[in-house]
Amino acid sequence: MKWFVFALLIFVSCKEQDDSLIGEISEGKWIDLSYDFSSQTLYWPTAETFKFDTAFEGITASGFYYSAYNFCAAEHGGTHLDAPSHFAKGKWAADEIPLNNLTGETVVIDVSDKALKNANYLISPDDIQTWEKINGNIPENSILLFRTGYGAYYPDAKKYLGTDERGADAVAKLHFPSIHPDAATWLVKNRKIKAVGIDVASVDYGQSKDFKVHQILYGENILGFENVANLDKLPVKGAYVIALPMKIKGGSGGPLRIIAWVKN
Ligand SMILES: [Zn+2]
């Protein structure tokens with residue numbers, strides 16, 4: 001009898017405290033941080049857009065349904081990875097990034113109050129330090145996500161990029177907020193992060209001519225995630241991100257499926 005009660009107690013305690021990985025995950029939800037790829041997908045004015053052609057779609061001669069398509073696009077467009085090799089020779093290419101660097105806990109710094117009022121807004125070291133005063137230091141090995149609020153405009157090119165024109169002349173007309181080089185330098189010097197993501201087309205702002213933030217971050221093998229979706233659905237910290245780019249050998253980036261797990 002004593003043995004039976006003991007066994008029952010163990011059973012009850014196991015039931016109440018499911019600390020298995022599956023048990024933990026079931027106490028949260030997955031959020032999709034990627035936009036889909038289609039003819040609407042936004043690309044840099046000079047980059048090849050997403051092409052999707054039907055190879056076959058319909059009933060075959062053998063009587064079953066079958067569909068298959070060909071796709072083609074620039075690496076850098078829609079929700080995508082910037083591999084460090086995009087701006088730093090000898091640093092990781094898309095296929096060389098350790099999986100550990102594509103996954104991790106997130107921090108979300110929301111600057112939408114200022115950025116939505118100023119399409120050329122530059123996120124400053126002060127924005128980061130203000131966040132830290134409230135939430136504590138950015139933990140080591142975080143994936144840092146900046147929310148400008150411009151995700152709400154996607155895929156309206158005029159509002160999201162500042163212009164819906166295409167071609168080399170359109171580049172000067174790009175207006176969207178992003179990170180100040182001083183903020184990138186501050187992060188590299190003072191914090192250890194795996195990646196920086198943002199809900200605009202580039203980690204440098206639309207009017208940048210020298211792409212300094214790209215150079216500073218990628219020179220340290222910090223990854224870039226651009227055109228990240230649904231950042232308004234994440235908590236300020238503690239979400240867990242899995243960011244899996246297409247594994248293009250030697251690629252400077254590529255289409256990115258990025259998802260976040262958030263505790264209920
Ligand atoms: Zn890019």
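Values in this text are rule-based calculations from the coordinates and carry no lab data. Predicted model, so just to flag it, every value in this text is computed and none were measured. Neighbour counts run over all protein chains shown; Cβ positions are idealised from the backbone, glycine included.
In a DSSP loop and with at most 10 other Cβ atoms within 10 Å, the chymotrypsin sites (Phe, Trp or Tyr not before Pro) in the stretch 46-136 are F64. Specify the angular offset, from 0 to 90 degrees and rounded to the nearest 10, of the alpha carbon long axis of helix 125-135 from the longest principal axis of the alpha carbons in the chain. In the chain, helix 125-135 runs at an angle near 20 degrees to the longest axis.
Each Lys and Arg contributes +1 and each Asp and Glu -1, all at the Cβ; summed about the Cα centre of the stretch 79-147, the dipole is approximately 220 debye. Comparing T79, T130, T106 in a Gaussian network model of the chain, where Cα atoms under 10 Å apart are tied by springs, the biggest mean-square fluctuation is seen for T130. Build a GNM of the chain with springs between Cα atoms under 10 Å apart, and of A83, A74, A229 the one that fluctuates most is A74. Scaled to the globular estimate 2.2 N^0.38 Å, the Cα spread of the stretch 48-199, given as radius of gyration, is 1.34. A simple spin-label model places pseudo-atoms 7 Å from Cα toward Cβ; at Q215 and A152 they are separated by 3.5 nm.
Label positions at D232 and Y69, each projected 7 Å from the Cα along the C-beta direction, are separated by 2.7 nm. Report the FRET efficiency, 1/(1 + (r/R0)^6), for R166 and I259, where r is their Cβ-Cβ distance and R0 is 51 Å, rounded to 0.05. Approximately 0.95, to the nearest 0.05.
Computed over neighbours whose Cβ is under 15 Å from that of G104, the net charge equals +2, Lys and Arg +1, Asp and Glu -1. Would you calculate a helix-derived [θ] at 222 nm for the chain, using -39,500 (n - 2.57) for each DSSP H run of n ≥ 4 and dividing by the full residue count, to the nearest 500? Per the formula, -5500 deg cm²/dmol.
Using bins of 10 Å that start at zero, the share of Cα-Cα pairs per bin across the chain amounts to 7, 27, 32, 17, 9, 6, 3, 0, 0, in whole %.
Looking at the chain, the DSSP beta bridges with both ends there are about 65 percent antiparallel. The alpha carbons of the stretch 163-244 give a radius of gyration and a Dmax of 14.0, 42 Å, in that order. Of the cross-linked pairs K117/K194; K133/K194; K51/K194; K117/K189; K89/K209; K192/K233, those separated by over 23 Å at the C-alpha level are K117/K194; K51/K194; K117/K189; K192/K233. Within the chain, the longest run free of GluC sites (Glu not before Pro) that sit in a DSSP loop with at most 13 other Cβ atoms within 10 Å is 141-264. Each residue, D95 and T60, gets one label point 7 Å from its Cα in the Cβ direction; the gap between the two is 2.9 nm.
Eigen-decomposition of the gyration tensor built on the alpha-carbon atoms of the stretch 221-264 gives equivalent ellipsoid semi-axes of 24, 10, 10 angstrom, largest listed first.
Based on Cα contacts under 8 Å between residues 6+ apart, the chain shows a relative contact order of 29 percent. Evaluated at q = 0.13, 0.34 Å⁻¹, the base-10 log of the normalised Debye intensity for the stretch 140-184, with identical point scatterers placed on the Cα atoms, takes the values -0.40, -1.16.
So if I place +1 on the C-beta of Lys and Arg and -1 on the C-beta of Asp and Glu, and nothing else carries charge, what would the dipole magnitude of the chain be about its Cα centre? I want it in debye, nearest 20.
It comes to approximately 340 debye.
What's the angle, to the nearest 10 degrees (0 to 90), between helix 181-190's Cα axis and the longest principal axis of the chain? Compared with the principal axis, the helix lies near 30 degrees. Note on the chain: dipole from Cβ charges, positive end direction compared against G63, P98, Y121; the farthest Cα belongs to P98.
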